[in-house]
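Inspection log for the structure reproduced underneath, given as structure tokens.
The values are calculated or read from the model by the stated rules, or taken from the named source; none is laboratory data. All figures in this text were calculated on a predicted structure; none of them were measured in a lab. Cβ sites come from the backbone with ideal geometry, for glycine too, and all protein chains shown count toward neighbours.
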Amino acid sequence: MSEEGAPKDEKYEPKIKPRPYAQELKFLERLDKTSWRISKGMVPGMHVPGIFYVNDHLETLMLEELKYHCDGGGVGGFLPAVKQIANVASLPGIVHASVGLPDVHSGYGFAIGNVAACTYSVISFVSFFAAADRPPPCCSVLFCCVVLCCVVLCYVVGW
């Protein structure tokens with residue numbers, strides 16, 4: 001046992017093992033030369049599909065990142081941006097799609113370059129964390145910008 005109480009040299013096993021890469025690819029559909037759709041079902045609870053826009057180089061990086069995640073058993077590093085886009089599609093109140101812009105890459109839960117339009121329920125979710133003076137888990141890096149946008153939107157819409 002280590003000082004913290006965890007056994008030494010114990011291999012970490014994720015709670016949910018990722019699907020094989022070939023199965024993950026079944027949830028991806030190329031729409032045209034620069035855009036892909038992530039179908040509902042890639043992650044549990046998706047309310048809308050995901051869409052991401054890439055050039056040839058970024059497409060290779062996105063798909064390789066997903067492959068390494070699957071081949072590595074889901075251990076280590078950030079969740080692939082493709083999976084993060086799909087996770088955002090499962091947020092309550094999301095409308096239309098979770099969109100990965102042409103500079104998308106893995107972030108802390110919410111991919112950098114990932115955007116989503118949401119209804120009032122998500123604004124309430126972010127406002128709850130603002131009142132608690134801590135960032136919500138989906139956007140810890142950009143928390144101040146998210147709260148500012150929510151406040152401005154609430155003022156403009158009249159909430």
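Return yes or no: is CYS139 out of contact with any Cys (no Cβ under 9 Å at 6 or more places or on another chain) and either modelled with pLDDT under 50 or surrounded by 14 or more Cβ atoms within 10 Å (Cβ to Cβ) (or both)? Spelling it out, it is not the case that CYS139 is out of contact with any Cys (no Cβ under 9 Å at 6 or more places or on another chain) and either modelled with pLDDT under 50 or surrounded by 14 or more Cβ atoms within 10 Å (Cβ to Cβ) (or both). In the set (1) at pLDDT 50 or above; (2) assigned to a helix (DSSP H, G or I); (3) in contact with a Ser or Thr (Cβ under 9 Å, 6 or more places away or on another chain), the condition left unmet by CYS149 is number (3).
Screening region 1-100 for helices (runs of 4 or more DSSP H) wholly inside it with 1 or more residues that are at pLDDT 90 or above and surrounded by fewer than 17 Cβ atoms within 10 Å (Cβ to Cβ) returns the ranges 21-25, 56-71.
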